[in-house]
Ligand code: UDX
């Protein structure tokens, strides 16, 4: 589906209905929120986005949206904490006043149409009280899979049942309450403090339950049972309308400039021959892991396109020298970039496998292009996503053991050069087709989007 021109959009009967969106300022959250904004725009709503003074997208990329900025007061320590949960809790406190002021200003400007609703990332539970105060409906978008969300919401129960605190000796045990997950898949969130995690989970779940609706970037044929399970429990209506990125033209909400040379390099490679390697926008590795990955790729003899984004290996000065070493041996067979146009890379016929950290956007993007995966989860939802990729959908290999060049070489061969890998390719292609069918008129996501559009319009 293409985003209509502004002119066509203004002819729409909903032209005077405005939706305000508020993403979390992280790449993996900005992308789906901006894609959702594009989807709603194509359905005739006018769009306002509230973003931060940092990690923000350039408004000139989306001239048909209205942008507003807030700048919460954060100390340098708050902003640079490696603890995602401490950061999320902090932001939910310090954004309250600046967000409320900005929201109130938008509401008082009636020249751009009536406000239909506020749509925020589910992580912004603090916004519910503000929406209630102004009598505006708030819908929440969860940017992860439903299977991983259900595991996240079950954390208090898992603690009650004695799975938490985690014990090293029990990591391989299955969790019957969360089949097919194992105890090791509960290493869910990057935080040093379990009490913070429980406080955050409770707040997000409470915020979801108080919201007027939940929007999910997933589709029926992928997560049917989990969508049903979540919908049974949710007091608010549930709208699984994904995959978001397939409605719009390629996303340009990248915070880093994608290196287009990836695509010209892919043009020179044989069909399904390239292993694309990227660990998203947040995961980090250490120098030893970096070396093992580099030599594993080189020794696999498979052409590779590797994203080494700034900050991937914190604190290492001689990264360029190490990379030079790998590329000297790999020659034309390897390309390293700082940031890739990932959706286009995955859609390219030369890309035959994706070594990913299992972030939900990356997982969905791979499924939508029929590219089987090697998953090496780092934290958060990535472990549960990976469990589903390897054990339920069976479209990828879980790199479970330590990161070691021999293991990497064997895993790449399994994915790219074996019957088992071909079977995974067959299964993921079939999922890709089901995802496409969901978006066509009459498909589950299409119908869900119709429901959402009607629901938002009822003010
Ligand atoms: C984070 C979490 O880690 C993830 O688990 C959660 O589901 C969303 O928030 P991130 O780690 O960045 O996101 O991973 P992911 O969800 O995969 O999102 C990364 C996005 O960046 C994808 O949309 C991907 O297409 C894009 N990307 C990544 C690029 O455009 N170029 C790159 O080189 C790498």
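The values are calculated or read from the model by the stated rules, or taken from the named source; none is laboratory data. These numbers were taken from a predicted model, which means no experiment stands behind them. Here the Cβ positions follow ideal geometry from the backbone for every residue, glycine too, while neighbour counts run over all protein chains shown.
Report, ordered by the first and then the second residue, all pairs with beta carbons closer than 6 Å, sequence separation of six or more or different chains, a first member in the stretch 364-377 that is in contact (Cβ under 8 Å) with a residue 12 or more places away in the chain and closer than 13 Å to residue 430 by Cα, and a second member that is within 12 Å of the ligand (Cβ to nearest atom) and part of a loop (DSSP other than H, G, I, E, B).
Once the first residue is in contact (Cβ under 8 Å) with a residue 12 or more places away in the chain and closer than 13 Å to residue 430 by Cα and sits in the stretch 364-377, its partners that are within 12 Å of the ligand (Cβ to nearest atom) and part of a loop (DSSP other than H, G, I, E, B) give 368/243.
Have a look at 257, 233 and point out the one that is within 16 Å of the ligand (Cβ to nearest atom) and surrounded by fewer than 16 Cβ atoms within 10 Å (Cβ to Cβ).
Criteria check complete, one pass: 257.
Pick out the one residue from 443, 421 that is closer than 28 Å to residue 237 by Cβ and in contact with a helix residue (DSSP H, G or I) (Cβ under 6 Å, 6 or more places away or on another chain).
443 is the lone residue from the list that is closer than 28 Å to residue 237 by Cβ and in contact with a helix residue (DSSP H, G or I) (Cβ under 6 Å, 6 or more places away or on another chain).
Which residues, counting only those in the stretch 325-353, are in contact (Cβ under 8 Å) with a residue 24 or more places away in the chain and closer than 23 Å to residue 33 by Cβ?
Within the stretch 325-353, 339, 340, 341, 342, 343, 344, 345, 346 meet the criteria.
Run down 321, 394 and say which single residue is more than 11 Å from the ligand (Cβ to nearest atom), in a loop (DSSP other than H, G, I, E, B) and farther than 18 Å from residue 186 by Cβ.
394
Quick grid of which residues meet (1) touching a strand residue (DSSP E or B) at 6+ places or on another chain (Cβ under 9 Å); (2) at pLDDT 95 or above; (3) within 15 Å of the ligand (Cβ to nearest atom); (4) part of a helix (DSSP H, G or I):
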position: 352; (1), (2), (3), (4): yes, yes, no, no
position: 358; (1), (2), (3), (4): yes, yes, yes, no
position: 361; (1), (2), (3), (4): no, yes, yes, yes
position: 365; (1), (2), (3), (4): yes, yes, yes, yes
position: 386; (1), (2), (3), (4): yes, yes, yes, yes
position: 390; (1), (2), (3), (4): yes, yes, no, yes
position: 401; (1), (2), (3), (4): no, no, no, no
position: 413; (1), (2), (3), (4): no, yes, no, yes
position: 424; (1), (2), (3), (4): yes, yes, no, yes
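Across the stretch 333-350, what is the total count of residues that are within 19 Å of residue 409 (Cβ to Cβ) and more than 13 Å from the ligand (Cβ to nearest atom)?
Number of matching residues: 2.
Can you tell me which residues in the stretch 270-282 are crowded, with 21+ Cβ neighbours inside 10 Å and either over 13 Å from residue 355 (Cα atoms) or more than 16 Å from the ligand (Cβ to nearest atom) (or both)?
281
Taking residue 24 as meeting all but one of (1) away from the ligand (no atom under 16 Å from the Cβ); (2) within 23 Å of residue 126 (Cα to Cα), write down the number of the exception.
In the conditions (1) away from the ligand (no atom under 16 Å from the Cβ); (2) within 23 Å of residue 126 (Cα to Cα), residue 24 misses (1) alone.
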